[in-house]
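Accompanying notes for the structure given below.
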Amino acid sequence: MKAYQVRYGLVKSALDAHTLGLSSVSHLLEECGFEVFTADATISDALDKISNIHFFEILKKWIISNKITHIGFSYRLDPKQALESFSRLIYKIENDELLSFKKNGCVSKIYFAGLPESCKLIEKEFGRKFETFKGDESPVETLQKLGVSDALIPKSIREKSIYDELRLTFGNKLINEEKQFHIYPFKQYNYENYGTSKDHLIERLSYARKLNQLPLTRVHVGPYLKDREKALALFSEWLKKLSKSHFLDIVSVGSSQLSQSKFGEDWGDFLNGGGVPFNNEFELKAIHEDASPMLVRAYSGTKKVAYIASILEKNINQAWHALSLWWFNQIDGRGPLSVQQSLSEHVETLKYIAKTGKPYEPNIAHHFAFRGSDDVTYVVSAYLAAKTAKLIGIEYLVLQNMLNTPKSTWGVKDLVKSRVLLRLIKTLEDRNFRVIYQPRAGLDFFSPDLDKAKMQLAAVTALMTDVEPERNNSPEIIHVVSYSEALFLANPDVINESIQITKAALKYYPEFRKKNSIYDIIQNKEIVAISNELWKEANILIKDMEKNVKNLYTSEGLYDVFKKGYFPVPYLWEGREEFSNAVNWTTTIMSGGVCVVDDKGKKMNIHDRLEKIKNLSVNKLVGSGNL
């Protein structure tokens, strides 16, 4: 078929609220010159009910009226249900004379995108009859699997993919040559407070810098067992093994949800949703003792936040405190507090943290990204958290930056977003406020193929060093996400090898970067121009907030920012009525980044966006009778 004869229809289950994956594929295909039709809510609902002839006819009419030849079906929920839904769709299409290609119908290709386990089930059922997408494909690979010939893939997409492909080539080479096994632990730390209850992140960073041992590594660690005592015993074994091996610098305790929400209470029949189920100060002290000389940190409570922070400070000498401000409460199902209560408690907790002299990590920007927010929101939400902390008296900010979020983000766009994030927040730096950069891979970035995941870990580490390539000690900390993330919780052996891969990538990538002229890619004029545009948009948004939101850098001001709709979260599940202005946006993946679009699917400029925010607020006042 010629390009103009092929028409793609993209459809998902109505049960799945996320659309960024579909919008990413849609834009890729459109850039190749294809017409693409994305199913609306009515069609998605009909798809879920196609066993009923009435609803099948609705889907059929949509396919025929749009002359769709290639159907992409996305189902990211339960794998067994995914197989059942896909099988039902195949049966209906293949037995319909107007749709089945075997019967001279219009549909010639059908594709499936979903969780790795779903793809396995479909491949087991149908063999290689249908292409499946697990989510770890590059833009070019995605298009090739969709049947797009190389001649139709635009130069712009190929050029943007070159950077990602080069880094993956580097990862492939590093893993195939087993370079990670030539990385050995460093055991020469001997400053006075090392491994004691007085140890401090800043002291360790300073000592590591002198010995040329940056970055420090931080890993989220924690087994899951239903039996609480057995889980704690196994965690103790893991900590001792990690401590003895000397690869890991900072252990981030993978706390149970119950530990965060009901510390010190009787858990009764409450289910432990996973993680380390500590529930008293004695258990925390044991964790600190088992982990030494590693620094230790654990996540904050979801209620009585300042109190839990003091408990962690007292018993594990908290390496740094992490707070989510707008998150880990009712709107994401992680805690009992309302957003207002959460903000109030978190701001009060920041005052406590400031008194301890410990660093603070805003665990924020990626939580907006999980709910469909755009790149501007990503950097500005982190800035607001950082400035709020500085004004309260926090001296050290651990700036976590989750790359590959969403995972269809292009590497060059991650560079842009990361550089603007750092540039923006470093404007706050002075002798009383220091920013410590800590990048990490995305939550769902890694492939379920462990060999590929190891290559991806090396590749994303290379990306981390390209954010500030002119700085020898950047980043200062790396949050190492273990390569087994897509399949199972990492045990000490996997954690140590993941750190070895990370350190090997840091060691060998500079030579690879130079040999392959990667500087020419990561410092080119287009990236500089896109970075300057994002910088400009972020600053315009911040200035508007500072002008129009009363007491912006307080719990009340931060609540109003969200309430007014400055931060789009179209995929927010709970609190959609309370934050109706925030969910009343459409975002999409365009050219490898996430942006806000208008009713016609065009990128909305920052001035139109501010005008919409203003109108949303006015309409609310009119509707409430207060105007």
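A compact table of results
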item: Under the Karplus curve 6.51 cos²θ - 1.76 cosθ + 1.60, θ = phi - 60°, whole-Hz ³J(HN,Hα) for region 44-58, x wherever Gly or Pro sits; result: 4, 5, 5, 4, 5, 10, 5, 5, 7, 4, 4, 6, 5, 5, 5
item: Relative packing of 428-437, 579-588, 357-366, which averages over residues the other C-beta atoms within 10 Å, highest first; result: 357-366, 579-588, 428-437
item: Trypsin sites (Lys or Arg not before Pro) within region 125-230, DSSP loop, no more than 14 other Cβ atoms inside 10 Å; result: Arg128, Lys129, Lys187, Lys198, Lys226
item: Rh (Kirkwood; distinct C-alpha pairs) - region 218-301, Å; result: 12.8
item: Whole-Hz ³J(HN,Hα) from phi, Karplus 6.51 cos²θ - 1.76 cosθ + 1.60, for region 345-360, glycine and proline x; result: 5, 5, 5, 5, 5, 4, 5, 5, 4, 4, 5, 6, x, 8, x, 10
item: The chain: equivalent-ellipsoid semi-axes (sqrt of 5 x gyration tensor eigenvalues, Cα, Å); result: 40, 29, 26
item: Qualifying GluC sites (Glu not before Pro) in region 130-184, DSSP loop, other Cβ atoms within 10 Å at most 10; result: Glu178
item: Rg ratio (alpha-carbon, reference 2.2 N^0.38 Å) - region 516-561; result: 1.78
item: Cross-link pairs beyond the 29 Å C-alpha cut-off, checked among Lys12/Lys102; Lys304/Lys536; Lys303/Lys387; Lys417/Lys515; Lys124/Lys602; result: Lys304/Lys536; Lys124/Lys602
item: Alpha carbon convex hull of region 1-151, projected area averaged over orientations, nm²; result: 8.2
item: Compactness of region 531-587 as Cα Rg over 2.2 N^0.38 Å, two decimals; result: 1.21
item: Relative counts (whole %) of C-alpha pair distances in region 407-510, using bins that are 5 Å wide; result: 2, 12, 22, 24, 17, 12, 7, 3, 1, 0
item: Dmax and Rg, reported as Rg then Dmax, of region 110-152 (C-alpha, Å); result: 10.9, 33
item: Largest-first principal axis extents of the Cα set of region 167-526 (Å); result: 59, 41, 40
item: Cα-based convex hull volume of region 304-417 per residue, rounded to whole Å³; result: 108
item: Per-residue Cβ neighbour rank within 10 angstrom, fewest leading, Glu497, Glu511; result: Glu511, Glu497
item: Neighbour-count order for Ile53, Ile394, fewest beta carbons within 10 angstrom listed first; result: Ile53, Ile394
item: At most 15 other Cβ within 10 Å, DSSP loop - trypsin sites (Lys or Arg not before Pro), region 334-411; result: none
item: Sequence of Asp520, Asp199, Asp374, Asp16 once ranked by neighbouring C-beta atoms within 10 Å, starting from the fewest; result: Asp520, Asp16, Asp199, Asp374
item: Helical contribution to [θ] at 222 nm, DSSP H n ≥ 4, -39,500 (n - 2.57), averaged over the chain, rounded to 500; result: -15500 deg cm²/dmol
item: Cα Rg, Dmax, region 478-627, angstrom units; result: 21.6, 66
item: Quotient of Cα Rg and 2.2 N^0.38 Å for region 549-624, N being how many residues it contains; result: 1.14
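Just so you know, all these numbers are worked out from the coordinates, no wet-lab data involved. This one's a predicted model, so the numbers in the text were calculated from it and none came from an experiment. With ideal geometry, Cβ positions are generated from the backbone for all residues, glycine too; neighbour counts draw on all protein chains shown.
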